[in-house]
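**Student:** My structure is below; once you've seen it, I'll send some questions.
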Amino acid sequence: MKKIIIKGIAITAALAMTGCSDSFLEEKKNYDNVNTDIYNYYSGCNGRVNDIYSWCLPAYSDQSWQYPSMGNADICSKSTEEYAGFSNFVNPDIELTSTGSGTSVPDYFMNQSNNIQASVYGRIRNINDCIAGIEGGSLSQEEKNEFLGQVYFFRAWCYYNLVKWYGGVPLVKEVLEPVEGNYTARSSAKECIEFMCSDLDKAAKLLAAKTMDGGWGGSDWGKITTGTCLALKGRILLMWCSPLFNRSNDQQRWTDAYKTMKAELDSINACGYGLYFTGDGINGSDFAAMFSQSGINTEAVFVTLFNNIVGSGLDTQKNNYWESKIRPSNTGGSGKTPSEMMVNLFPMSDGKLPENADTYGSYTLLERSDSAYDENYAFVNRDPRFYRTFAVPGFRWAYNGDASEKLSYYPSDGKNYELWNYVWYTSTNDAGNVESSAHYGADGLYNSTCGVYVRKKSDDLDVNSSPLYQYEPTSTYGAAPFFSAAQQIELRYAEVLLNLAEVACGAGDLDYAVECLQYIRLRAGYTADNNYGLQSNLNSNQAACMSAILYERMIEFAYEGKRFDDCRRWMLYDGGATLPSGAPDTWKLTGWGGNTCTWLGVKPLNGQRRETMLWRTADEFGVGTDTYDGDPLKNETRCAAVDLRKELKPQLDSLVNWYSKHLTLKINKGDAYDSQKNEEYMNFRPKYYFLGLSYGAMQSNKDIQQTIGWEDPTRSGAMGTFDPLN
């Protein structure tokens with residue numbers, strides 16, 4: 001039987017390469033079916049490498065075999081504090097299986113076996129073919145280096161997105177013919193880590209001449225650089241140090257990673273990367289502005305570029321639809337609803353956790369704020385990033401457009417748009433029922449409203465006066481009205497620093513770890529006056545320091561698709577206390593006191609649940625009607641909406657006063673109830689820390705070993721034998 005590990009469409013058909021565009025952003029043609037002559041021409045190689053980009057770059061998408069999570073309410077983000085509603089990873093009523101029955105484990109290992117571009121290893125085969133073609137071509141060595149460096153990076157990127165899920169995987173390093181008998185077994189995790197790092201070291205060296213003097217310029221900006229390679233290598237080394245792979249807390253791993261990553265930071269900086277600063281930063285505006293850059297962006301170490309071209313079937317159209325997905329429905333969007341837990345866990349304005357963080361038993365080693373926290377007014381005295389991550393009733397959220405052309409029931413001038421997403425009910429029973437979704441939103445939001453909106457990564461008109469999107473509310477090209485060219489940043493410079501902070505902490509250099517945290521907090525808006533909102537013992541308490549780093553990651557990267565990987569790396573669902581069936585003693589967590597959650601002072605996510613929150617009209621105003629203008633407050637005068645360009649305190653005081661007279665906080669059901677209306681709680685099973693191969697992948701690869709903890713359908717359901725920790 002042919003094995004999917006080596007299966008792929010043979011690349012033999014000829015394709016003329018004359019007239020090939022050199023534009024990095026616009027080039028979207030498919031050059032998989034090519035003859036080797038293209039590798040003798042710069043334009044031919046450029047087109048071939050652009051095709052590798054098109055299949056490997058992250059995109060606006062849910063978690064899949066090809067794309068990492070990027071902040072949507074997908075299977076990853078809905079397994080964290082960010083969103084309510086059980087994903088299959090944390091649903092207590094579902095256990096994922098590899099047997100072909102029940103709910104199947106996600107297949108990030110194979111995907112489609114008969115399509116090279118929709119197959120995980122088909123994509124790797126495509127990269128290997130490109131490497132061989134470039135090496136065998138007649139370009140100058142300098143030109144070969146330029147292309148090979150980019151392609152070696154993407155091979156490591158593809159393997160990283162396998163190894164983080166499965167541990168050791170088959171390492172296919174060259175083009176194998178798709179014939180029976182060609183088979184590659186799973187390599188150890190250590191071999192995979194070394195192979196990825198080797199590819200990235202090679203890529204970094206090959207690209208140094210082109211990118212170590214400020215990076216790519218002009219239309220080439222956004223391509224892989226030496227800094228991109230070393231930053232991904234740092235992420236991989238951090239993963240290898242983390243409890244998921246490092247159960248004994250081997251100090252040598254931390255020390256080696258720290259030494260390497262610290263030494264390579266200068267090379268990353270030399271490629272033009274750094275924290276995005278403008279020098280203004282009012283109320284977190286720099287934090288917001290980094291996501292709405294159209295050109296060179298120092299924050300964007302690994303980035304996917306988009307354009308705002310609109311058309312039907314245009315080859316050059318490549319839009320980012322995040323803006324449409326987060327904007328409220330009365331602007332033509334759909335909106336994303338964060339959990340109450342995530343809203344409540346954001347820091348206060350002094351940088352400390354809210355006092356109600358104890359409700360979740362979270363980060364008990366970190367100090368609580370001196371500022372009182374009232375969930376009824378969750379927007380008061382918060383970290384500047386709070387206002388750029390969430391939107392609640394009474395905040396300005398301007399955009400360049402006018403929804404009234406489509407939404408005649410709510411004239412909406414985008415330049416003056418104010419979000420008033422409070423709700424009303426038509427019966428008092430619904431108003432008090434946490435399961436009721438029969439609410440109606442103000443200002444034409446009607447029955448499509450979120451109590452809190454995710455605002456993160458918005459191209460806010462008050463931050464960027466030259467928006468990156470084309471706004472077409474009556475467009476025939478799809479429901480999304482914001483056709484955006486906003487960059488999607490997969491790996492930010494802030495992550496480079498926080499990855500370095502984490503390995504520094506693990507290696508025992510707490511002073512350097514704290515310096516990295518301080519720099520992140522500086523961009524957020526804190527100053528040295530209060531030690532950037534950090535407590536004083538982080539330099540002397542390793543557990544508290546590590547806890548502070550993980551907390552900072554949760555806040556800094558909220559709704560960017562990073563939290564789930566951190567939760568897995570640190571085994572935050574149960575602290576590593578339970579082993580899957582068949583796991584050897586070497587899987588026991590012997591470092592960190594045998595439980596990462598206890599060591600960090602973090603309550604395990606298992607056993608917790610997440611709700612949602614909204615603000616409804618106060619009881620004294622009665623109920624409304626089920627019409628667009630059925631708002632009980634329609635005759636009440638609103639206060640001015642909060643404008644983040646201005647001083648916050650007087651505006652927030654005014655909004656609190658208005659809330660106190662007109663609105664009531666309501667906590668609604670987020671995670672599910674059972675059939676008896678009992679609350680259910682997150683349950684991430686121990687075997688999910690490393691995924692098993694799906695039924696389809698096992699049937700197509702009957703010689704391959706299944707992961708420990710998962711059943712092997714090709715061996716009569718016997719438990720898997722492959723150890724992903726080796």
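The values are calculated or read from the model by the stated rules, or taken from the named source; none is laboratory data. The shown structure was predicted, so the numbers you read here are calculated from the model rather than taken from an experiment. In this analysis, Cβ positions are derived from the backbone assuming ideal geometry, glycine residues included, and neighbour counts consider all displayed protein chains.
**Student:** Take the conditions of a type in the set (Ser, Thr, Tyr) and surrounded by fewer than 22 Cβ atoms within 10 Å (Cβ to Cβ) and apply them to Ser113. Does it pass?
**Tutor:** Here the answer is yes, as Ser113 does meet what is asked.
**Student:** Which of the residues spanning segment 226-277 are under 20 Å from Glu490 (Cβ atoms), hydrophobic (A, V, I, L, M, F, W, C) and surrounded by 20 or more Cβ atoms within 10 Å (Cβ to Cβ)?
**Tutor:** Cys229, Leu230, Ala231, Leu232, Ile236, Leu237, Leu238, Met239, Trp240, Met261, Ile268, Cys271
**Student:** Can you pull out every residue in segment 185-200 that is in contact with a helix residue (DSSP H, G or I) (Cβ under 9 Å, 6 or more places away or on another chain) and assigned to a loop (DSSP other than H, G, I, E, B)?
**Tutor:** Ser187
**Student:** Oh, and also: Quick check on segment 511-532: of everything there that is small (Gly, Ala, Ser) and more than 16 Å from Met554 (Cα to Cα), which residue is surrounded by the fewest Cβ atoms within 10 Å (Cβ to Cβ)?
**Tutor:** Ala528
**Student:** Now, a different point. Here's a check for you: in segment 89-127, which residue that is in a loop (DSSP other than H, G, I, E, B) and among the small types (Gly, Ala, Ser) is nearest to Leu572 (Cα to Cα)?
**Tutor:** Ser98
**Student:** Determine, yes or no, whether Ile224 is in the same structural domain as Cys56 (by TED's automatic domain parsing), assigned to a helix (DSSP H, G or I) and touching a residue at least 40 places away in the same chain (Cβ under 8 Å).
**Tutor:** no
**Student:** Ok, one more. Among the residues of segment 577-618, how many are in contact with a Phe, Trp or Tyr (Cβ under 6 Å, 6 or more places away or on another chain), under 20 Å from Tyr688 (Cβ atoms) and surrounded by fewer than 17 Cβ atoms within 10 Å (Cβ to Cβ)?
**Tutor:** Of the residues in segment 577-618, 1 are in contact with a Phe, Trp or Tyr (Cβ under 6 Å, 6 or more places away or on another chain), under 20 Å from Tyr688 (Cβ atoms) and surrounded by fewer than 17 Cβ atoms within 10 Å (Cβ to Cβ).
**Student:** Tell me which residues, restricted to segment 119-172, are free of Cβ contacts under 8 Å to residues at least 12 places away in the same chain and small (Gly, Ala, Ser).
**Tutor:** Ser140
**Student:** A further question follows. So Ala618 clears everything in (1) over 26 Å from the mean Cα position of the chain (by Cα); (2) more than 22 Å from Cys241 (Cβ to Cβ); (3) in contact (Cβ under 8 Å) with a residue 60 or more places away in the chain except one condition, right? Which one?
**Tutor:** For Ala618, the failing item is (3).
**Student:** Also, quick follow-up: Only one residue in Ile296, Ile309 is under 30 Å from Ser404 (Cα atoms) and of a type in the set (A, V, I, L, M). Which one?
**Tutor:** Exactly one of Ile296, Ile309 is under 30 Å from Ser404 (Cα atoms) and of a type in the set (A, V, I, L, M), namely Ile309.
**Student:** Look through Val120, Val105, Val49 and report the one residue that is modelled with pLDDT under 95 and buried (at least 16 other Cβ atoms within 10 Å of the Cβ).
**Tutor:** Exactly one residue qualifies, and that residue is Val120.
**Student:** Here's something else I'd like to know. Within segment 611-633, track down each residue that is in a loop (DSSP other than H, G, I, E, B) and either in contact with a strand residue (DSSP E or B) (Cβ under 7 Å, 6 or more places away or on another chain) or modelled with pLDDT under 95 (or both).
**Tutor:** Passing the criteria: Glu611, Ala618, Val623, Gly624, Asp626, Thr627, Tyr628, Asp629, Gly630, Asp631, Pro632, Leu633.
**Student:** Applying the selection to segment 135-155, what residues are of a type in the set (A, V, I, L, M) and either surrounded by fewer than 23 Cβ atoms within 10 Å (Cβ to Cβ) or not assigned by TED's automatic domain parsing to the domain that holds Lys210 (or both)?
**Tutor:** Listed by number, the residues that qualify are Leu139, Leu148.
**Student:** Still on this structure, please answer the following. Which one is farthest from Gln487 (Cα to Cα) among residues in segment 267-280 that are assigned to a loop (DSSP other than H, G, I, E, B) and not small (Gly, Ala, Ser)?
**Tutor:** Selected residue: Asp280.
**Student:** To continue, here is another question. Quick check: is even one residue across segment 691-701 more than 30 Å from Arg396 (Cβ to Cβ), among the aliphatic types (A, V, I, L, M), touching an Asp or Glu at 6+ places or on another chain (Cβ under 7 Å) and part of a loop (DSSP other than H, G, I, E, B)?
**Tutor:** No: segment 691-701 contains no residue that is more than 30 Å from Arg396 (Cβ to Cβ), among the aliphatic types (A, V, I, L, M), touching an Asp or Glu at 6+ places or on another chain (Cβ under 7 Å) and part of a loop (DSSP other than H, G, I, E, B).
**Student:** Given the structure, is Phe557 surrounded by fewer than 21 Cβ atoms within 10 Å (Cβ to Cβ) and either in the same structural domain as Asn72 (by TED's automatic domain parsing) or touching an Asp or Glu at 6+ places or on another chain (Cβ under 7 Å) (or both)?
**Tutor:** yes
For (1) part of a loop (DSSP other than H, G, I, E, B); (2) in contact with a Ser or Thr (Cβ under 8 Å, 6 or more places away or on another chain); (3) among the basic types (Lys, Arg), each residue gets a yes or a no:
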site	(1), (2), (3)
Arg521	no, no, yes
Tyr532	no, no, no
Ser547	no, no, no
Arg553	no, no, yes
Phe564	no, yes, no
Arg568	no, no, yes
Leu579	yes, no, no
Leu589	yes, yes, no
Arg609	yes, no, yes
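**Student:** For residues that are within 24 Å of Gly709 (Cβ to Cβ), within 14 Å of the chain's Cα centre (by Cα) and not small (Gly, Ala, Ser), scanning just segment 52-99, find the one that is surrounded by the most Cβ atoms within 10 Å (Cβ to Cβ).
**Tutor:** Selected residue: Thr80.
**Student:** Among the numbered criteria (1) modelled with pLDDT of 95 or more; (2) assigned to a helix (DSSP H, G or I); (3) not charged (D, E, K, R), which single criterion is violated by Trp55?
**Tutor:** (1)
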